[in-house]
Amino acid sequence: MKILIKTKVNQSLHNVWKGFNLSLFKALSPPFPPVIVRQFDGCLEGDIVHLELNFILFKQDWISSIIEQKTTDSKIYFIDEGTTLPFFLKYWHHQHTMLSEESGTVIIDEITFNTPFILTDYLMYPLLYLQFLYRKPIYKRYFQ
């Protein structure tokens, strides 16, 4: 399954890239499930992000590795891939792209995921889509 969400912000590419840090990461976390950041190395190739998701009755680890990061004059992107995922996910690939435009930057969240069963792929799609749609106003506020 694929999700693609674009958000235009009024900051330069350099400022947006500089803002991709732990503070933004925490701001982007949705209210449910509550997340504890166990490790956040950053957004460069080889970095690790380790989260603990609290579903009240149980907790799940989510560990992703940054497998690629590239910077050009007009585009910066990095890709995180899940290495340890919550039970409801089998595959996770998230490309974060920042594209320079004349009047700011477009942030693109491009997610590819699979669950253990095709039926649950379709059930998870709207939930994950809404989780990432939740980020749009946060990006806009953060990068005013």
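The values are calculated or read from the model by the stated rules, or taken from the named source; none is laboratory data. Note that the structure is predicted; figures quoted are calculated from it, not measured. Neighbour counts run over all protein chains shown; Cβ positions are idealised from the backbone, glycine included. Ligands, DNA and RNA are excluded from the accessible area calculation, which covers all protein heavy atoms including side chains. Shrake-Rupley method; radii C 1.70, N 1.55, O 1.52, S 1.80 Å.
From Thr97, Thr105, Thr83, which residue is open to solvent by 70 Å² or more (accessible area, probe 1.4 Å), in a strand (DSSP E or B) and either in contact (Cβ under 8 Å) with a residue 12 or more places away in the chain or among the β-branched types (Val, Ile, Thr) (or both)? Spell out how you get there, then give the answer.
On the way: Thr97 fails: open to solvent by 70 Å² or more (accessible area, probe 1.4 Å); Thr105 fails: open to solvent by 70 Å² or more (accessible area, probe 1.4 Å).
Only one candidate passes the filter, namely Thr83.
Taking region 1-42 on its own, how many of its residues are surrounded by fewer than 15 Cβ atoms within 10 Å (Cβ to Cβ), free of Cβ contacts under 8 Å to residues at least 60 places away in the same chain and closer than 17 Å to Gly82 by Cα?
5
Identify all residues within region 109-120 that are assigned to a strand (DSSP E or B) and open to solvent by 20 Å² or more (accessible area, probe 1.4 Å); write none if there are none.
Residues of region 109-120 assigned to a strand (DSSP E or B): 109-114.
Listed by number, the residues that qualify are Glu110, Thr112, Asn114.
Please indicate, with yes or no, whether at least one residue in region 122-129 is closer than 23 Å to Ala27 by Cβ, open to solvent by 40 Å² or more (accessible area, probe 1.4 Å) and in contact with a Phe, Trp or Tyr (Cβ under 7 Å, 6 or more places away or on another chain).
Scanning region 122-129 turns up no residue that is closer than 23 Å to Ala27 by Cβ, open to solvent by 40 Å² or more (accessible area, probe 1.4 Å) and in contact with a Phe, Trp or Tyr (Cβ under 7 Å, 6 or more places away or on another chain).
Looking at Glu45, Glu52, which one is over 20 Å from Met1 (Cα atoms), at pLDDT 95 or above and either open to solvent by 30 Å² or more (accessible area, probe 1.4 Å) or in contact with a helix residue (DSSP H, G or I) (Cβ under 7 Å, 6 or more places away or on another chain) (or both)?
Numbers: Glu52 fails: either open to solvent by 30 Å² or more (accessible area, probe 1.4 Å) or in contact with a helix residue (DSSP H, G or I) (Cβ under 7 Å, 6 or more places away or on another chain) (or both).
Selected residue: Glu45, the only one of Glu45, Glu52 that is over 20 Å from Met1 (Cα atoms), at pLDDT 95 or above and either open to solvent by 30 Å² or more (accessible area, probe 1.4 Å) or in contact with a helix residue (DSSP H, G or I) (Cβ under 7 Å, 6 or more places away or on another chain) (or both).
Please name all residue pairs, on different chains or six or more residues apart, with Cβ atoms under 6 Å, provided the first residue is in region 53-75 and is farther than 21 Å from Lys26 by Cα and the second residue is open to solvent by less than 70 Å² (accessible area, probe 1.4 Å) and in a loop (DSSP other than H, G, I, E, B).
none
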